[in-house]
There are 2 protein chains.
Amino acid sequence: MKTDKILLDHGSGGRASHKLISELILKYFHNPILADLEDSASIQIGNTTLAFSTDSYTVTPLFFPGGNIGELAINGTVNDLAMRGAKPLYLSVGFIIEEGFPISDLEKILGSMQKYAAEADVLIVTGDTKVVPKLAADKIFINTSGVGIIPDGINISGKNARPGDKVIVSGTIADHGITILTQREGLNFDSPLKSDSAPLNHLVKEMMDVSDNIHVLRDPTRGGVGTTLNEIASQSNVGIKLFEDDLPIRDEVNGACELLGLDPLYLANEGKLLAFVNGEDAKKILETMQKNKYGKDATIIGEVTDESPGKVFLKTTIGGTRIVDMLTGEQLPRIC
Amino acid sequence: MKTDKILLDHGSGGRASHKLISELILKYFHNPILADLEDSASIQIGNTTLAFSTDSYTVTPLFFPGGNIGELAINGTVNDLAMRGAKPLYLSVGFIIEEGFPISDLEKILGSMQKYAAEADVLIVTGDTKVVPKLAADKIFINTSGVGIIPDGINISGKNARPGDKVIVSGTIADHGITILTQREGLNFDSPLKSDSAPLNHLVKEMMDVSDNIHVLRDPTRGGVGTTLNEIASQSNVGIKLFEDDLPIRDEVNGACELLGLDPLYLANEGKLLAFVNGEDAKKILETMQKNKYGKDATIIGEVTDESPGKVFLKTTIGGTRIVDMLTGEQLPRIC
């Protein structure tokens, strides 16, 4: 590490986060399961393969159009489990609350957690609540961890992308990131922006029901689609070619990004997935996704090649090609 | 809830914490597994029974005699799993780090986590790191969640105390709580105080190997032995009689408690367990415990009666009897 202090950039989900994990954290915690760096670990218990995942949520503001921190905490961990093809079953919840936090706000958060846990069909079975003095934490942080069952024979991993695969995104990108940022900046637009927070496990189940050829699933949260695709290109040692014209981006999101000088490829999503699937199965998977409310805008945005392994390229609207790198620098702390 | 704000007392582990959980959190997350309120949830996956637990660590100072926040985070969750008779297997780690935190301190914490994970024989298989801006969190908070296997036929629960059971404590009480408090107050004593932080899973395994009659195991952390025994008395609907003369307390701990006006029965322990065991097996369990370095001061401190169910009594040194209630009010925030 070139710095002797933790920087915001270390939490961006981009290049600095990867360096922190690979150069520091893995040095101490090295084992083959953790080193996989998947959205959730795959662990063997007797004859059963489980997915196990954790995430802490520190988003600010706590309440934003389209969701709140509690909803993110449920959906985020449900999605991390689903991205291994697991059926999410049980969650833990750990609250760290600042003294003086309004109980009415806590109730709103608990209500959202209850609602989305019910929708995702998971049970919150264990928990912990810590209260810290005024100013020792900013309002409330929530950790959720989860376990789910990975069905026999399923091996969905960032390592499994293959040349010829089609890259599907389940809907419009950058909605969550741009919503949080404009909220903080106090910006208002004619067409209101809204987080896309959603539990994707049922969508994943429907995709798996129609195809045995889903190679990779990943939810592009911190660091956005651009960073997530770089992770997959690197883990699978393949090239990825994206088509700018095919990227689904709402007009209002595009407008806000242009205004603020942000690239939607690096903005967080909280209810979207990227799927790498066998080319032959792409159409039927896409049609299945489009029938689910969380996949209705699903579209193919790119393909996997054997050229330039480890790299992501964007074919631009005007006909050029540019490299899409991992996020460097922190676009936005406390996005989730 | 009589207050409209979260108070420090809600995180004490005592009466206010119990009210917050039972009146608010369980209202939203109600299900039979969570409602058990054990140190870890018991969940059924196929033919296997798993323990699943979570805890967030916010202790200040981060480094203290006898340990640091990283060590607590491993041992605390390992112990929560072991208190159901589970063999802890896999942990998750979630860091929330304040911008500017020294990487050298993070390395010390990671080193301790590695050391105690190795001692407890658990793997850290999944993780998450969030960085928040200066002043949004106080240095570093760590969440660990864990899963372990509960062997077939094992049912160790706070509900299982029975009249005639002996109550064993695995060693001296109040060491952790008094150490943190005196550190914060900047007090120095001739005999230095030291946290008792330790992983207890191997001790528990040895106890289970010699007896099938361990009814309850619980680690008396926040709220201390007094609060934990009240929880068990209430869950099992039994009375508990303690003998003040038999409570193992280091002289220096007793001295510091007297100086500061604190009751050692309510101070946190981070490497001790309470066991409720069949009277006939008590001696052999005790002898087994005393052979383990974390059980060498194990002793019988009380017994279970059918009188005054739900209550804990202390037979005092001078021959009287007083009720030991749950902790009310916050003795000490951020103890773990």
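A short reminder: the numbers here are calculations on the coordinates, not readings from a lab. These numbers were taken from a predicted model, which means no experiment stands behind them. Every residue, glycine among them, receives a Cβ derived from its backbone with ideal geometry; neighbour counts consider all protein chains shown.
Identify all residues within the range A:157-183 that are over 14 Å from A:Leu265 (Cβ atoms) and of a type in the set (D, E, K, R); write none if there are none.
Across the range A:157-183, the qualifying residues are A:Lys159, A:Arg162, A:Asp165, A:Lys166.
So in the range B:258-273, with the set limited to residues that are crowded, with 24+ Cβ neighbours inside 10 Å and among the aliphatic types (A, V, I, L, M), which one is nearest to B:Asp80 (Cα to Cα)?
Step by step, filter the range B:258-273, then rank; the result is B:Leu273.
Within the range B:40-49, is there a residue that is without any contact (Cβ under 8 Å) to a residue 12 or more places away in the chain, surrounded by fewer than 24 Cβ atoms within 10 Å (Cβ to Cβ) and under 24 Å from A:Leu34 (Cα atoms)?
Scanning the range B:40-49, I find at least one residue that is without any contact (Cβ under 8 Å) to a residue 12 or more places away in the chain, surrounded by fewer than 24 Cβ atoms within 10 Å (Cβ to Cβ) and under 24 Å from A:Leu34 (Cα atoms), so the answer is yes.
Could you check, for the range A:159-172, whether at least one of its residues is within 30 Å of A:Gly255 (Cβ to Cβ), of a type in the set (Val, Ile, Thr), in contact with a helix residue (DSSP H, G or I) (Cβ under 6 Å, 6 or more places away or on another chain) and part of a loop (DSSP other than H, G, I, E, B)?
No; the residues of the range A:159-172 include none that is within 30 Å of A:Gly255 (Cβ to Cβ), of a type in the set (Val, Ile, Thr), in contact with a helix residue (DSSP H, G or I) (Cβ under 6 Å, 6 or more places away or on another chain) and part of a loop (DSSP other than H, G, I, E, B).
Could you check how many residues of the range A:54-71 are within 15 Å of A:Gly146 (Cα to Cα) and more than 7 Å from chain B (Cβ to nearest Cβ)?
Qualifying residue count for the region: 3.
Does the range A:20-37 contain at least one residue that is among the basic types (Lys, Arg), in contact (Cβ under 8 Å) with a residue 24 or more places away in the chain and either part of a loop (DSSP other than H, G, I, E, B) or more than 7 Å from chain B (Cβ to nearest Cβ) (or both)?
Taking every residue of the range A:20-37 in turn, none turns out to be among the basic types (Lys, Arg), in contact (Cβ under 8 Å) with a residue 24 or more places away in the chain and either part of a loop (DSSP other than H, G, I, E, B) or more than 7 Å from chain B (Cβ to nearest Cβ) (or both).
Looking only at the range B:5-19, how many residues end up being facing chain A (nearest Cβ under 7 Å) and in a loop (DSSP other than H, G, I, E, B)?
Number satisfying all stated conditions: 2.
Tell me the helices (runs of 4 or more DSSP H) entirely within the range A:183-279 that contain at least 1 residues that are within 20 Å of A:Leu332 (Cβ to Cβ) and within 16 Å of the chain's Cα centre (by Cα).
Filter on the range A:183-279 gives A:224-236.
Is it the case that B:Thr54 is over 19 Å from the mean Cα position of the chain (by Cα), among the polar types (S, T, N, Q) and either closer than 15 Å to A:Ile124 by Cβ or surrounded by fewer than 24 Cβ atoms within 10 Å (Cβ to Cβ) (or both)?
no
For the range B:137-163, what are the residues that are over 23 Å from A:Ala16 (Cα atoms) and at the interface with chain A (Cβ under 8 Å from one of its Cβ atoms)?
Across the range B:137-163, the qualifying residues are B:Ser145, B:Val147, B:Ile149.
Can you confirm whether the range B:144-151 contains a residue that is polar (S, T, N, Q) and under 22 Å from B:Phe276 (Cα atoms)?
No, the range B:144-151 contains no residue that is polar (S, T, N, Q) and under 22 Å from B:Phe276 (Cα atoms).
Could you tell me whether the range A:239-257 includes any residue that is buried (at least 19 other Cβ atoms within 10 Å of the Cβ) and within 20 Å of A:Asp36 (Cβ to Cβ)?
yes
Just one of (1) touching a Pro at 6+ places or on another chain (Cβ under 7 Å); (2) closer than 18 Å to B:Lys166 by Cβ trips up B:Pro333, so point out which.
For B:Pro333, the failing item is (2).
Determine, yes or no, whether B:Ser145 is buried (at least 23 other Cβ atoms within 10 Å of the Cβ), out of contact with any Cys (no Cβ under 7 Å at 6 or more places or on another chain) and closer than 25 Å to B:Thr48 by Cα.
Yes.
If you go through the range B:90-105, how many residues are at the interface with chain A (Cβ under 7 Å from one of its Cβ atoms), buried (at least 20 other Cβ atoms within 10 Å of the Cβ) and not β-branched (Val, Ile, Thr)?
5
Kindly evaluate B:Gly177 against the criterion of being small (Gly, Ala, Ser), out of contact with any strand residue (DSSP E or B) (no Cβ under 8 Å at 6 or more places or on another chain) and surrounded by 24 or more Cβ atoms within 10 Å (Cβ to Cβ).
yes
Going through A:Ala51, A:Ala117 one at a time, which residue ends up being assigned to a helix (DSSP H, G or I), of a type outside the set (Lys, Arg), over 25 Å from B:Pro133 (Cα atoms) and more than 7 Å from chain B (Cβ to nearest Cβ)?
Unique residue meeting the criteria: A:Ala117.
Any idea how many residues of the range B:264-302 are touching a residue at least 40 places away in the same chain (Cβ under 8 Å), out of contact with any helix residue (DSSP H, G or I) (no Cβ under 9 Å at 6 or more places or on another chain) and under 15 Å from B:Val204 (Cα atoms)?
Total satisfying the criteria: 2.
Could you tell me which numbered condition B:Lys134 fails, if it satisfies all but one of (1) part of a loop (DSSP other than H, G, I, E, B); (2) within 14 Å of another protein chain (Cβ to nearest Cβ); (3) under 19 Å from B:Tyr116 (Cα atoms); (4) more than 16 Å from the chain's Cα centre (by Cα)?
(3)
Does the range A:138-166 hold any residues that are more than 30 Å from B:Thr58 (Cβ to Cβ), small (Gly, Ala, Ser) and touching a residue at least 60 places away in the same chain (Cβ under 8 Å), and which are they?
A:Ser157, A:Gly158, A:Ala161, A:Gly164
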